[in-house]
Amino acid sequence: MESLLYPVRNRFRDERKLDGLWRFSFDREEKGEGDGWTKGLPKSAINMPVPASFNDFFTDKESRDYCGTFWYECDFYAPAKQEGKKTYIRFGSVTHRATVYVNGVEVGSHEGGFLPFVLDVSDAVNFEGNNTLVVKANNELDETTLPCGNVSTLKNGKKLVKPYFDFFNYAGIHRSVWVMTVGEESITDYDVITETVGDKAVVKVRLEAVSASGKSLKGSAYLTDRSGCQICDAVFEMKHDEEKGVYSGEACFEVDEPNLWDIKNPYLYGIEFDLLSDGQEIDSYEDKIGIRTIEIKGTDILLNGKPIYLKGFGKHEDFDIIGRGFNYGIAKRDFECMKWIGANCFRTSHYPYAEEWYRFADEEGFLIIDEVPAVGMMRSFFNFMDAGSGGKYTYFFETDTVPKLKENHLNAVREMITRDKNHPSVISFSLFNEPETISTFAHDYFKDIFEYARELDPQKRPLTGALEKTSSPDKCQCYPFCDFISLNRYYGWYISGGSELSDARELFIEEMDKWKALNLNKPFVFTEFGADTLATEHKLPSVMWTQEYQNEYYDMNFEIFDKYDFVKGELTWNFADFQTSEGTFRVAGNKKGVFSRNRQPKDIAFKLKDRWENTNNL
Ligand code: BDP
């Protein structure tokens with residue numbers, strides 16, 4: 001039974017990370033399987049750190065830009081078999097797909113590069129012995145994958161990936177890998193819904209478990225405050241759900257005078273679940289939860305019943321050398337920069353980030369718009385460039401690719417919500433970034449995606465999706481699915497930039513007036529706006545790409561945001577400069593960062609700090 005719960009270690013469960021130096025081989029001719037690599041990589045295999053992207057370690061282009069199949073291998077020791085326990089391997093993510101072998105036995109595979117998967121390896125493991133773990137991975141993209149792209153073949157026969165999106169197609173084992181021991185009868189999932197009534201909070205909890213033996217199960221749970229004192233407990237009657245093959249039960253806590261989880265004041269309670277069979281404890285699971293409410297009322301976003309204004313960034317998991325590999329040090333620096341500048345929110349553009357980001361945000365009191373990797377769903381040469389040109393490209397009428405694309409999209413939505421649903425930091429799920437939204441095909445496609453997400457999220461959080469410029473008020477068929485409208489807009493950059501900034505301002509007002517006229521009675525959030533800026537360039541008077549122009553661009557945008565009272569957030573593009581595919585539109589990457597790629601402020605950072613810290617109505 002696959003459980004996406006974050007690994008914990010306690011008297012019933014064990015987890016050990018396999019992070020470190022693995023072995024690695026490219027498989028240019030797709031010979032690995034035939035040559036027996038599933039049992040272990042050849043002598044020519046090289047060292048490769050995990051977690052990290054493989055790309056930027058290399059000093060030659062061919063390896064950095066490698067497109068195709070590649071293999072990883074490591075050894076792990078499995079202690080003596082414990083009665084009633086199963087052994088699992090858990091990957092935080094492998095980009096973009098993987099098939100896994102233990103001692104040459106295929107134990108499972110997973111599609112999608114940004115979400116975890118867990119494989120039962122109990123029958124393949126040598127207990128009290130060494131084991132070889134091999135991963136066959138692949139980083140190719142097509143029009144059914146999330147994110148979308150394709151692969152072209154150069155005249156010399158080499159494959160090159162062509163992303164339909166504006167970030168480097170980093171690949172590898174980007175997040176931690178664990179070997180875990182969990183009971184055959186164990187807790188597999190839980191949901192928490194928090195409500196406040198007067199000076200009380202009601203915490204509704206649903207617990208899910210499996211029982212291989214079919215023995216009846218009972219659950220209990222208790223909440224602890226910050227000092228570890230138990231403040232309430234509850235008992236679950238676990239009922240068998242034939243259809244899902246699991247046991248589940250519900251319970252409710254009442255917390256008097258709760259400490260709410262809030263921006264920069266993130267009170268977290270401890271929660272512990274215990275599972276009992278025949279009166280005996282057989283499993284337990286601990287986590288932290290926050291008591292908070294999030295809802296949309298008219299044009300307001302309410303956190304704990306109070307209107308908030310979202311201030312912050314669209315980000316990337318991106319850093320020099322390690323690419324998209326998770327690193328606590330970089331996450332720490334990013335949170336420090338976001339605190340310094342007065343931000344309260346970020347969007348995990350354009351894919352769900354490593355789980356550690358959300359746990360960190362829970363602790364630090366940051367709000368997250370959690371985005372599924374649905375990016376590049378517009379057919380064009382340079383998808384993100386055409387976003388501003390007004391070209392009409394439809395993506396969803398190709399009947400041969402759409403069913404598979406939709407299946408992958410729904411799977412990613414399910415995995416993301418299952419993984420992230422209990423984080424107080426997650427205030428919304430974003431179900432797309434800049435797809436084509438003006439055809440009836442797009443309408444029908446996204447209708448199902450939104451319905452599915454609404455059904456899955458126990459907290460029924462607001463849902464959204466980031467709309468690019470062709471998703472205009474008169475043409476877009478998908479904005480009605482969104483609980484708040486997220487706009488990615490580049491007036492003054494892709495549209496009428498530089499000396500035409502005054503025209504950009506008018507065009508922007510024209511569009512905003514059209515949205516206003518629709519009278520949607522929903523909040524609007526700018527999920528992207530920004531101007532490429534070289535940290536080294538200054539010019540008086542300004543020209544595009546200089547720090548002076550970035551300031552002028554932002555001033556114009558702020559003037560527009562402040563004109564419309566239904567605008568309830570501004571998440572700039574981007575937190576930091578980041579790597580993209582090379583090309584004439586990018587100067588060694590996207591330079592729209594407020595911070596440089598090594599997280600030092602550009603001039604604009606000081607303007608943002610002033611606005612976000614000192615403007616009362618934000
Ligand atoms: C938007 C995309 C984003 C790009 C950005 C840009 O959502 O991924 O990086 O434009 O052009 O269209 O900088």
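If I ask for residues that are charged (D, E, K, R) and either loosely packed, with under 14 Cβ neighbours inside 10 Å or at positive phi (or both), which ones from region 234-280 would you list?
Glu237, Lys239, Asp241, Glu242, Glu243, Lys244, Glu254, Asp256, Glu257, Lys264, Asp278
Could you name every one of the strands (runs of 3 or more DSSP E) located completely within region 124-224 that has at least 3 residues being open to solvent by less than 10 Å² (accessible area, probe 1.4 Å)?
Counting at least 3 such residues, we get 129-138, 177-183, 186-197, 200-210, 217-224.
Of all residues in region 111-123, which are β-branched (Val, Ile, Thr) and open to solvent by less than 10 Å² (accessible area, probe 1.4 Å)?
Within region 111-123, Val121 is the sole residue that qualifies.
Answer with yes or no whether Lys460 is more than 16 Å from the ligand (Cβ to nearest atom) and at positive phi.
Here the answer is yes, as Lys460 does meet what is asked.
Out of all the residues in region 451-491, which are part of a helix (DSSP H, G or I) and open to solvent by 10 Å² or more (accessible area, probe 1.4 Å)?
Within region 451-491, Glu451, Tyr452, Arg454, Glu455, Leu456, Tyr479, Pro480, Phe481 qualify.
So Glu336 clears everything in (1) touching a residue at least 60 places away in the same chain (Cβ under 8 Å); (2) more than 16 Å from the ligand (Cβ to nearest atom); (3) outside any loop (DSSP other than H, G, I, E, B) except one condition, right? Which one?
Glu336 satisfies all of (1) touching a residue at least 60 places away in the same chain (Cβ under 8 Å); (2) more than 16 Å from the ligand (Cβ to nearest atom); (3) outside any loop (DSSP other than H, G, I, E, B) except (1).
Quick check on region 351-382: of everything there that is within 13 Å of the ligand (Cβ to nearest atom) and open to solvent by 10 Å² or more (accessible area, probe 1.4 Å), which residue is modelled with the lowest pLDDT?
Looking at the filtered set, the residue picked out is Phe382.
Taking Asp565 as meeting all but one of (1) more than 23 Å from Lys602 (Cβ to Cβ); (2) in contact with a Ser or Thr (Cβ under 6 Å, 6 or more places away or on another chain); (3) of a type in the set (D, E, K, R), write down the number of the exception.
(2)
Taking Leu223, is it in contact with a strand residue (DSSP E or B) (Cβ under 6 Å, 6 or more places away or on another chain) and closer than 14 Å to Val203 by Cβ?
Criteria met by Leu223.
Looking only at region 428-451, which residues are more than 18 Å from the chain's Cα centre (by Cα), closer than 14 Å to Val413 by Cα and not basic (Lys, Arg)?
If the condition is that a residue be more than 18 Å from the chain's Cα centre (by Cα), closer than 14 Å to Val413 by Cα and not basic (Lys, Arg), then Tyr445, Phe446, Asp448, Glu451 are the ones that fit.
Where in region 227-272 are there strands (runs of 3 or more DSSP E), lying wholly inside it, with at least 3 residues that are touching a Gly at 6+ places or on another chain (Cβ under 6 Å), within 17 Å of Lys200 (Cα to Cα) and among the aliphatic types (A, V, I, L, M)?
Correct list: empty, since no element meets the threshold.
Within region 294-313, can one find any residue that is closer than 25 Å to Gly219 by Cβ and part of a loop (DSSP other than H, G, I, E, B)?
Among the residues of region 294-313, not one is closer than 25 Å to Gly219 by Cβ and part of a loop (DSSP other than H, G, I, E, B), which makes the answer no.
Among the residues that make up region 400-419, is at least one of them part of a strand (DSSP E or B), touching a Pro at 6+ places or on another chain (Cβ under 9 Å) and at pLDDT 95 or above?
So far as region 400-419 goes, no, none of its residues is part of a strand (DSSP E or B), touching a Pro at 6+ places or on another chain (Cβ under 9 Å) and at pLDDT 95 or above.
If I filter region 521-544 for residues that are more than 16 Å from the ligand (Cβ to nearest atom), more than 24 Å from Lys297 (Cβ to Cβ) and β-branched (Val, Ile, Thr), do I get at least one hit?
Yes, that holds for at least one residue.
Restricting to region 577-618, give me the number of residues that are of a type outside the set (Val, Ile, Thr) and within 12 Å of the ligand (Cβ to nearest atom).
Counting residues in region 577-618 that are of a type outside the set (Val, Ile, Thr) and within 12 Å of the ligand (Cβ to nearest atom) gives 12.
Determine the pairs where a residue that is within 15 Å of Phe561 (Cα to Cα) and charged (D, E, K, R), located within region 480-503, has a partner that is open to solvent by 30 Å² or more (accessible area, probe 1.4 Å) and within 16 Å of the ligand (Cβ to nearest atom) with Cβ atoms under 8 Å apart, the partner being 6 or more residues away or on another chain.
Once the first residue is within 15 Å of Phe561 (Cα to Cα) and charged (D, E, K, R) and sits in region 480-503, its partners that are open to solvent by 30 Å² or more (accessible area, probe 1.4 Å) and within 16 Å of the ligand (Cβ to nearest atom) give Arg489/Lys469.
Results for (1) open to solvent by 10 Å² or more (accessible area, probe 1.4 Å); (2) in a helix (DSSP H, G or I), shown as yes or no for each residue.
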{"residue": "His538", "(1), (2)": "yes, no"}
{"residue": "Glu548", "(1), (2)": "yes, yes"}
{"residue": "Arg597", "(1), (2)": "yes, no"}
{"residue": "Ala605", "(1), (2)": "no, yes"}
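The values are calculated or read from the model by the stated rules, or taken from the named source; none is laboratory data. Predicted model, so just to flag it, every value in this text is computed and none were measured. Ideal geometry is used to build each Cβ from the backbone, glycine not excepted, and the neighbour counts take in all protein chains shown. SASA here: full protein model, heavy atoms, side chains in, ligands and nucleic acids out. Shrake-Rupley method; radii C 1.70, N 1.55, O 1.52, S 1.80 Å.
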